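Report on one structure; see the data block that follows.
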Amino acid sequence: MSDIINILPDSVANQIAAGEVVDRPASAVKELLENALDAGATKIQLIVKDAGRTLIQVIDNGCGMSDSDARLCFERHATSKIHKADDLFAIHTMGFRGEALASIAAIAQVELKSKMHDSELGTQVIIEGCDIKEQCSCSCPNGTSIAVKNLFFNVPARRNFLKKDSIELSHIEETFRRVALINYNTDYTFYHNGKLLYDLHGGNFLERIAQMYGQNYRERLYPVDEDTDVVKIHGYVSKPEYARKSRGEQYLFVNHRYIKHPALNAAVEKAYTDLIPDHYYPTYFLHLEVDPSRIDVNIHPTKTEVKFIDESTLFTILRAATKRALGQFGLATELEFNPIQEVDFPPAPQGYVPQQPQIHYNPDYNPFHSSGKSGGSLSGGTGATRPKSSQWTSFFDLKKDEAETVTPQQTTLPQTEGEATPSTAEPCLQLMGSYIVSTMPSGLLVIDQQAAHERVIYDRLMSQEGNAAAQQLLFPVNCQFSPADADIFSELIPDMQKQGFEIGSIGQTTFVVTATPAEIKESELQQLFEQVLAEYKGSMMQKFADRRQCLCRSLARQMAMKAGTPLQQAEMQQLIADLFCCMVPHVSPSGKKTMAIIPPEKLFKIEN
Ligand code: ADP
Ligand code: MG
């Protein structure tokens with residue numbers, strides 16, 4: 001048999017290796033920014049075009065490169081940062097593997113200009129898919145400029161995997177934030193398609209957070225400071241009341257490097273136990289400084305995963321430090337800024353004899369005798385066109401797959417005299433503030449109230465095409481976002497308008513809301529939108545996502561009542577009725593089961 005093994009040419013090997021380091025424009029941005037920081041830059045410019053597809057350029061005022069280094073830096077395993085294996089355990093730089101520039105050059109057209117501070121002239125190198133096209137002297141400022149053009153020009157398959165520009169840009173923006181947040185002494189500008197998105201000036205950590213996320217973050221955060229032999233922790237954690245429903249702004253840095261570490265992230269979240277509801281997450285920006293010999297950053301090519309020798313000690317310290325910050329500062333602010341408001345009752349007139357108040361009620365009132373004026377629908381808004389579920393109990397006896405194909409119109413079953421309707425149905429019971437229990441012909445029905453409400457709201461939002469009831473706000477509310485989020489938010493406005501929001505823009509990043517759907521509290525608008533954006537971005541990253549569905553799903557999640565909300569009898573009945581009007585009542589739009597039916601035989605089966 002003939003030999004079948006051959007050695008891959010460098011260009012192919014580099015392309016394969018590039019896949020590990022550069023999988024989308026944001027990863028190239030990360031590598032270039034890190035190189036600029038390693039070069040000691042105090043000013044960094046990031047210039048991006050078409051979300052990085054056509055251009056990613058990083059210009060720094062760092063140490064620059066010599067003529068031969070400017071050529072050598074594109075070789076694989078070419079690095080000035082380590083010399084021997086032992087150096088791996090004393091890493092003080094962001095890079096050290098010497099593969100970023102080689103990888104980038106393998107899949108793009110790269111133009112490098114670099115000049116050392118004591119040189120007269122700089123060097124220009126043009127390289128395309130690993131082939132050096134040109135190298136010559138040039139005059140240029142001190143430092144380095146690397147322009148990466150037409151990323152993946154020679155790997156069309158990868159290019160096809162790229163998402164639409166707004167998504168790729170939000171990845172780039174997130175990468176930029178991860179780098180710029182913790183390297184806060186450096187100045188940065190970030191342009192996208194000629195528009196200035198960020199202009200950051202060197203300062204301290206809190207200033208950087210406020211520059212990026214808005215000055216209102218200063219009031220949302222408590223400082224964390226802990227200095228032990230194992231680790232020094234400095235940073236900020238959110239006050240419990242600013243917890244969010246998605247894990248958006250959770251930043252953990254180790255030795256100036258953003259890392260993902262589920263156990264340490266959990267340590268911070270654990271400190272919030274009992275302070276925030278389930279499925280809410282704190283925001284945090286925490287910097288851990290540890291001896292480089294106690295960590296291994298070389299376990300993953302992108303270096304966002306690290307291993308610690310003292311992991312369990314770190315976990316304990318981090319949790320304790322966060323808890324302390326929450327306890328200490330929580331109490332302090334309460335005392336200083338929130339004096340207990342005493343209610344001021346006017347004195348009763350002399351000789352006044354208090355009388356027991358009379359209660360007036362209509363004993364014949366029944367919210368389900370459909371005069372149309374029910375005691376309040378949990379589905380809110382314009383329920384008028386929705387079918388009435390006069391017989392939800394019998395509806396559910398449809399087989400599951402039938403239920404999936406049934407349309408809302410079809411659920412209006414003909415009313416037959418004497419059959420069970422919600423008004424005569426057994427009363428419901430609320431369990432643990434989160435579940436509604438009722439009976440069905442086929443067994444015991446248990447409903448998850450939050451998931452069910454989410455389903456009801458989602459179906460309503462999806463069914464309204466520009467006819468949603470809007471509630472005009474007495475005072476317009478301004479909401480502000482980061483530049484990339486503002487771009488995404490603008491895209492969403494037409495769909496939001498269909499849901500009853502009226503939104504205009506002032507400038508590039510501020511929006512003014514003049515009307516909202518009835519059930520939304522204006523004081524929570526900013527938070528609602530931030531959470532919708534976070535969820536929307538998350539779901540849009542999945543393949544084949546539909547914009548309107550994503551928006552309605554995240555709005556429904558935010559607008560649904562929470563587990564733990566006490567419900568009146570009529571509200572429970574209404575929720576069940578609304579739920580059974582939905583096309584797919586048994587799952588929430590985010591895929592959670594809304595109900596379970598326990599048949600009598602299971603209920604009474606005694607396990608032995
Ligand atoms: P690494 O950062 O892991 O060393 P890279 O491929 O990112 O590998 O860079 C290779 C080398 O090129 C670096 O070690 C450094 O010496 C040099 N270099 C890269 N970017 C810059 C820059 N912006 N300024 C100065 N030198 C740079
Ligand atoms: Mg590097």
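The values are calculated or read from the model by the stated rules, or taken from the named source; none is laboratory data. Computed from a prediction, not measured in an experiment: that's the story for all the values here. No Cβ is skipped: glycine too gets one built from the backbone with ideal geometry, and neighbour counts run over all protein chains shown. Remember, those area values only see protein heavy atoms, side chains included, never the ligands or the DNA or RNA. Shrake-Rupley method; radii C 1.70, N 1.55, O 1.52, S 1.80 Å.
Data overview
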| quantity | calculated |
| --- | --- |
| Of all residues making up segment 241-264, the number that are small (G, A, S), in a loop (DSSP other than H, G, I, E, B) and free of Cβ contacts under 8 Å to residues at least 60 places away in the same chain | 1 |
| Entirely in segment 160-240, the strands (runs of 3 or more DSSP E) that have 1 or more residues that are free of Cβ contacts under 8 Å to residues at least 60 places away in the same chain and of a type in the set (F, W, Y) | 232-238 |
| Residues of segment 125-147 satisfying the condition of being open to solvent by less than 70 Å² (accessible area, probe 1.4 Å) and under 19 Å from A41 (Cα atoms) | C140, N142, G143, T144, S145, I146, A147 |
| S119 being under 22 Å from G40 (Cβ atoms), within 11 Å of ligand 1 (Cβ to nearest atom) and of a type in the set (G, A, S) | no |
| Whichever residue in segment 256-279 is among the basic types (K, R) and in contact with a helix residue (DSSP H, G or I) (Cβ under 8 Å, 6 or more places away or on another chain) and, among such residues, is least open to solvent (accessible area, probe 1.4 Å) | R257 |
| Filter pass, A17 being touching an Asp or Glu at 6+ places or on another chain (Cβ under 9 Å) and of a type in the set (G, A, S) | yes |
| Qualifying positions in segment 484-508 - assigned to a helix (DSSP H, G or I) and not charged (D, E, K, R) | A484, A486, I488, F489, S490, L492, I493, P494, M496, Q497 |
| Checking P494 against (1) surrounded by fewer than 18 Cβ atoms within 10 Å (Cβ to Cβ); (2) in contact with a strand residue (DSSP E or B) (Cβ under 9 Å, 6 or more places away or on another chain), the condition it does not meet | (2) |
| Qualifying residue in segment 97-104 (condition: away from ligand 2 (no atom under 16 Å from the Cβ), in contact (Cβ under 8 Å) with a residue 12 or more places away in the chain and assigned to a loop (DSSP other than H, G, I, E, B)) | no |
| Segment 98-115, subset charged (D, E, K, R) and open to solvent by less than 60 Å² (accessible area, probe 1.4 Å), residue farthest from ligand 1 (Cβ to nearest atom) | E111 |
| Members of segment 1-46 that are closer than 16 Å to G143 by Cα and not in a loop (DSSP other than H, G, I, E, B) | L32, L33, E34, N35, A36, L37, D38, K43, I44, Q45, L46 |
| Residue selected from segment 29-42 under the condition of a type in the set (G, A, S) and within 12 Å of ligand 2 (Cβ to nearest atom), by the criterion least open to solvent (accessible area, probe 1.4 Å) | A36 |
| Residue match in segment 219-235 (condition: at pLDDT 95 or above, of a type in the set (F, W, Y) and open to solvent by less than 30 Å² (accessible area, probe 1.4 Å)) | no |
| Output for segment 153-196, where each listed residue is open to solvent by less than 20 Å² (accessible area, probe 1.4 Å) and among the hydrophobic types (A, V, I, L, M, F, W, C) | I167, L169, I172, F176, V179, A180, L181, I182, F190 |
| Residue under evaluation L112, criteria (1) free of Cβ contacts under 8 Å to residues at least 60 places away in the same chain; (2) within 36 Å of the chain's Cα centre (by Cα); (3) more than 14 Å from ligand 2 (Cβ to nearest atom), criterion not met | (3) |
| Selection count, segment 50-74, where residues are out of contact with any Gly (no Cβ under 8 Å at 6 or more places or on another chain) and either among the charged types (D, E, K, R) or more than 10 Å from ligand 1 (Cβ to nearest atom) (or both) | 12 |
| Among residues of segment 38-49, those that are out of contact with any Gly (no Cβ under 8 Å at 6 or more places or on another chain) and within 13 Å of ligand 1 (Cβ to nearest atom), counted | 4 |
| Hits in segment 60-81 - residues which are open to solvent by 70 Å² or more (accessible area, probe 1.4 Å), at pLDDT below 90 and within 17 Å of A36 (Cβ to Cβ) | S80 |
| Failed item in (1) away from ligand 2 (no atom under 16 Å from the Cβ); (2) open to solvent by 60 Å² or more (accessible area, probe 1.4 Å); (3) over 30 Å from K195 (Cα atoms), with S11 passing the rest | (2) |
| Neighbours by Cβ (under 9 Å, 6+ apart or cross-chain): first from segment 1-17, under 28 Å from E128 (Cα atoms); second assigned to a helix (DSSP H, G or I) and open to solvent by 90 Å² or more (accessible area, probe 1.4 Å) | L8/I16 |
| Number of the condition not met by E31 [criteria: (1) closer than 22 Å to Y198 by Cα; (2) more than 10 Å from ligand 1 (Cβ to nearest atom); (3) of a type in the set (D, E, K, R)] | (2) |
| Counted residues, segment 507-526 - those being within 26 Å of D199 (Cβ to Cβ) and either open to solvent by less than 30 Å² (accessible area, probe 1.4 Å) or at pLDDT 85 or above (or both) | 5 |
| Lone unmet requirement of (1) within 16 Å of ligand 1 (Cβ to nearest atom); (2) outside any strand (DSSP E or B) for V148 | (2) |
| Any hit, segment 79-91, residues being near ligand 1 (Cβ under 9 Å from one of its atoms), without any contact (Cβ under 8 Å) to a residue 12 or more places away in the chain and not aromatic (F, W, Y) | yes |
| Restricting segment 567-602 to residues that are open to solvent by 80 Å² or more (accessible area, probe 1.4 Å) and in a helix (DSSP H, G or I), the residue that is farthest from M432 (Cα to Cα) | E601 |
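The rows are residues; the columns are (1) of a type outside the set (S, T, N, Q); (2) within 11 Å of ligand 2 (Cβ to nearest atom); (3) not assigned by TED's automatic domain parsing to the domain that holds T123.
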position	(1), (2), (3)
I44	yes, no, no
N61	no, no, no
A78	yes, yes, no
D87	yes, no, no
